[in-house]
Amino acid sequence: MLDLREFIARYEADQPDHMVHVDRPVDPAAFEVTAVLQQLEDVGRAPMALFHRPRNLFGEVSRFPLVTNIYAERGRCAHALGLPVSQAKFPLSLEYGRREQQRIPPTVVSAAEAPVKQVVQRGDDADLRQFPIVRHHHMDPAPYIDMTPVMKDPDTGAYNAAYLRMMYKGPRKLGLHMSPRHNWQITRKHEERGLPTRVAIVVSHHPAFFLGTLNVAPFGEDDYEVIGSIAGSSLRLVASETWGDEFLIPADADIVIEGEIPPNVREVEGPFGEFPGTYGPQRLRWVIDVTAINFRHDAIYQDVFVGHADDWIQGGLPKEARIFNRIKGVVPGVTAVHLPVSGVCRLHCNVSIDKKVDGESRQAAFIVLGEVDMIKHVFVVDKDVDVFDDRQMLWAIATRVQADQAIDIIRNAKGNTLDPSQTDPIMTTKMIVDATKPVQRPFSERILVPQEAKDRVPMTEFVRESGVPVPAMGDAVAGTGPVSATVPPSAAIPEA
Amino acid sequence: MAQIFNVTCPGCRGTFPVHPELWQAGYDLLCPFCGRMFPQEESPRIVTGTGEQRPGSAWRGGDAGSTPARPPDPQPDAHAEGM
């Protein structure tokens, strides 16, 4: 059973340096939650943050604590999926991709077995102002819920969950921004029939649920089955308050808001601080009329710090294995794929390959651009470069690139409307940077300190920090003796 | 950014970005800074991708201050946003 409280407790016990608490009251609607997160980010920290006394939209201390920045470190994403933090780089990506291919059917339980049904509010009692809804950036016109609405395809009955932004518009009304993807398709189908679209907003749940919603299964696949597979256990579902068995909601969620999108109604929404770290413009968007709210007695409200690592990592991680597997079919020597935080985990893609013949770099890059239209720049490096390390990536570009030979420009390709550099509404310019060494001619070797030498002088034993007293000779580490006695002949200094 | 125009609020003078679909529909705009709803022609300054335009010129559609009960469907982007 997925339980957010258990996740927080176990993570804090395992990684106490990566979690912080805020005990004093703060006002999320007055930017005070994001102000704390921004200050942590400014000093290079991205901990999960639990606000114990956030204010709700009435201005009172809310009954709901608020947890945010959960996904701002890959280690926490690994932990959420049951992997050790040490597997947070590419092994996490590969495991996500493996699970995404599987399906685990959900399990329907009764309301008595469903924690989310412990408190149910309808009518005027279902008031959004009870929540500590976050206003993130200075040009956001209102607090926003930025978690995952679930909708149901009227033809296939398949559920779809996706991160979407929802603007607070009133005690029982939200604005809803959608792009033309799966939930948008479902809404269009309802509108064409003159019907409202049912929506269950999963505001808080175990993070494995939300990571599962990021799957890229084709439209028509049931997200509840895919989410179960990615989370590693069958997702427990329960009848909704508004539509009963006709629309199921996650039984172990902390908070689920039910509502309907009236057909063919649009209102102004935004601007909103979006994933590139810039504002998306004010638009005409859908609205949601709230019909009911379900939550646990001890529910914790959840939020994503959009436009920051908390948002970025979720956008990149689920795509890495898919790209890797597609490249591997054509370039078997591919070793890793990463969408780095420095490229907002969407616009840049780093690929490392064990290149056997020249031309494989471009081949790999073409597949990346064909697979994910959001990616604008592809950097291909050799396998000795860690694609998760920006410094190594820039080193490879600095030392292995001649611009007139290594860079290709592709014009008029499909892009992303939120990329502020685009001059066309749809099209963008792509770039491939081949930062690999040539195969067919000698190329300078990378400098290297011998590993066996590092093994002989482990830093933890040989380095004394400034200010720490010199240990007595009797405390010296066993086995350390005169340097001349431990240097093997192979390590002798060569003649100049 | 695909297409935006920047609008200055007649109340607080804050400037914010708006998508052209609102321009074409002639909707009232919402100032994100002070919460004021205002007709586009009340804005003291609107800047487009081709240069500055003032309210009252040919760009405005619809009646000032009115919001159609059933607005026209905005042209969807032909591409994905966000995740």
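Can you figure out the FRET efficiency of A:GLN405 with A:PHE443, using R₀ = 22 Å and their beta-carbon distance, to the nearest 0.05?
Plugging the Cβ-Cβ distance into 1/(1 + (r/R0)^6) gives 0.95.
I'd like the antiparallel share, as a percent to the nearest 5, of DSSP beta bridges with both residues in region A:329-435.
50
Taking amide H positions as placed in the peptide plane 1.01 Å from N, state which residues far from A:ALA336 in sequence (5 or more) or on other chains have amide H under 5 Å from it.
Residues meeting the amide H criterion: A:SER352.
Give the peptides A:189-200, A:218-229, A:392-403 in descending order of average Cβ contacts within 10 Å, highest first.
Packing proxy ranking, top to bottom: A:218-229, A:189-200, A:392-403.
So for the protein assembly as shown: antiparallel DSSP bridges make up what percent, rounded to the nearest 5?
So the antiparallel bridges in the protein assembly as shown amount to around 75 percent.
Please tell me which of these pairs span more than 23 angstrom C-alpha to C-alpha: A:LYS89/A:LYS430; A:LYS152/A:LYS173; A:LYS319/A:LYS437; A:LYS356/A:LYS383; A:LYS152/A:LYS376?
Too far apart for the 23 Å limit: A:LYS89/A:LYS430; A:LYS319/A:LYS437; A:LYS152/A:LYS376.
Residue by residue through region A:255-262, which ³J(HN,Hα) values in whole Hz follow from phi under the Karplus form 6.51 cos²θ - 1.76 cosθ + 1.60 (θ = phi - 60°), with glycine and proline marked x?
9, 10, 9, 9, x, 9, 9, x
Rounded to the nearest 0.05, what FRET efficiency is calculated for A:ARG5 and A:ALA112 with R0 set to 22 Å and r the Cβ-Cβ distance?
Efficiency, rounded to the nearest 0.05: 0.65.
How well do other chains shield peptide A:282-294, expressed as the mean number of their Cβ atoms within 10 Å of each residue Cβ? Walk me through the numbers before you get to the answer.
Working: counts 14, 8, 10, 3, 0, 0, 0, 0, 0, 0, 0, 0, 0.
Taking the mean over all residues of the peptide, I get 3.
For chain A, what is the relative contact order in percent, using Cα pairs closer than 8 Å and at least 6 residues apart in sequence?
Averaging sequence separation for qualifying contacts and normalising by length gives 13 percent for chain A.
If you place +1 on the Cβ of every Lys and Arg, -1 on the Cβ of every Asp and Glu, and leave all else neutral, what size is the dipole of region A:73-170 about its Cα centre, to the nearest 20 Debye?
Result for region A:73-170 is approximately 280 debye, rounded to the nearest 20.
Could you work out how far helix A:390-400 tilts from the main Cα principal axis of chain A, as a 0 to 90 degree angle to the nearest 10?
50
Which value, in Å³ per residue, describes the convex hull spanned by the Cα atoms of region A:233-310?
About 144 Å³ per residue, rounded to a whole number.
Work out the charge dipole of chain A with +1 on the Cβ of Lys and Arg and -1 on the Cβ of Asp and Glu about the Cα centre, then indicate which of A:VAL368, A:LEU237, A:GLY157 is farthest towards its positive end.
A:VAL368
Karplus couplings for region A:433-441 from phi (6.51 cos²θ - 1.76 cosθ + 1.60, θ = phi - 60°), rounded to Hz, Gly and Pro as x?
Calculated HN-Hα couplings, in order: 10, 8, 9, 9, 6, x, 8, 8, 9 Hz.
Mind giving me the FRET efficiency for A:SER342 and A:VAL61? R0 is 41 Å, r the Cβ-Cβ distance, nearest 0.05 is fine.
Efficiency for this residue pair is about 0.60.
Per-residue counts of other Cβ atoms within 10 Å, averaged by peptide: what ranking do you get for A:354-361, A:172-179, highest first?
Working: A:354-361: 16.4, A:172-179: 21.6.
Top to bottom by mean Cβ count within 10 Å: A:172-179, A:354-361.
When all C-alpha to C-alpha distances in region A:329-435 are sorted into bins of 5 Å, what percent of pairs does each bin hold, rounded to whole numbers?
2, 13, 25, 24, 20, 10, 4, 1
Per residue of A:435-445, what is the mean number of Cβ atoms on other protein chains within 10 angstrom of that residue's Cβ?
Values: counts 0, 0, 0, 0, 0, 0, 0, 0, 0, 0, 0.
For peptide A:435-445, the averaged partner shielding equals 0.
Taking the Cα atoms of region A:55-214, what is the range of coordinates along each of the three principal axes, in descending order and whole Å?
Taking max minus min along each principal axis of the Cα atoms, region A:55-214 gives 46, 42, 40 Å.
For region A:376-448, what proportion of DSSP beta bridges, expressed in % and rounded to the nearest 5, is antiparallel?
Of all bridge pairs located within region A:376-448, approximately 55 percent are antiparallel.
If I fit a long axis through the Cα atoms of helix A:4-14 and take the longest principal axis of the Cα atoms of chain A, what angle between them do I get, 0 to 90°, rounded to 10?
Helix A:4-14 sits at roughly 20 degrees to that axis.
Using a 10 Å cut-off around each Cβ of peptide A:368-375, what is the average number of partner chain Cβ atoms that fall inside?
1
With point charges of +1 on the Cβ of Lys and Arg and -1 on the Cβ of Asp and Glu, referenced to the Cα centre of chain A, which listed residue (A:GLN314, A:PRO115, A:MET1) lies farthest in the positive direction of the dipole?
A:GLN314
What ranking, highest mean first, results for peptides A:444-451, A:54-61 when packing means the other Cβ atoms within 10 Å averaged over each residue?
With the highest mean Cβ count within 10 Å placed first, the list reads A:54-61, A:444-451.
How much length would be gained if the chain were fully extended between A:ALA13 and A:ALA453, taking 0.36 nm per residue of separation minus their Cα-Cα distance, in nm to one decimal?
Extra length available between A:ALA13 and A:ALA453 comes to 154.8 nm.
Apply the Kirkwood formula to region A:4-309: the hydrodynamic radius equals the inverse of the mean of 1/r over all pairs of different alpha-carbon atoms; give it in Å with one decimal. Walk me through the intermediate numbers first.
Numbers: mean 1/r = 0.0514 Å⁻¹.
About 19.5 Å for region A:4-309.
Mind pulling the angle between the C-alpha long axis of helix A:309-328 and the longest principal axis of chain A? Nearest 10 degrees, somewhere in 0 to 90.
70
With just the Cα atoms of the protein assembly as shown, tell me how far they stretch along each of the three principal axes, in Å, largest first.
Over the protein assembly as shown, Cα extents along the principal axes are 88, 58, 50 Å.
Rounded to the nearest 20 Debye, what is the dipole magnitude of region A:77-117 about its Cα centre when Lys and Arg each give +1 and Asp and Glu each give -1 at the C-beta? Working shown, then result.
Details: 5 positive and 3 negative charges, 16 e Å.
Charge dipole of region A:77-117: 80 debye, to the nearest 20.
About the Cα centre of the protein assembly as shown, how large is the charge dipole given +1 on each Lys and Arg Cβ and -1 on each Asp and Glu Cβ? Please answer in debye to the nearest 20.
Details: 59 positive and 75 negative charges, 146 e Å.
With Lys and Arg at +1 and Asp and Glu at -1, about 700 debye.
FYI, it's all coordinate maths here, none of it is from the lab. Computed from a predicted structure; not experimentally measured. Here Cβ is always computed from backbone atoms with ideal geometry, including for glycine, and neighbour counts include all displayed protein chains.
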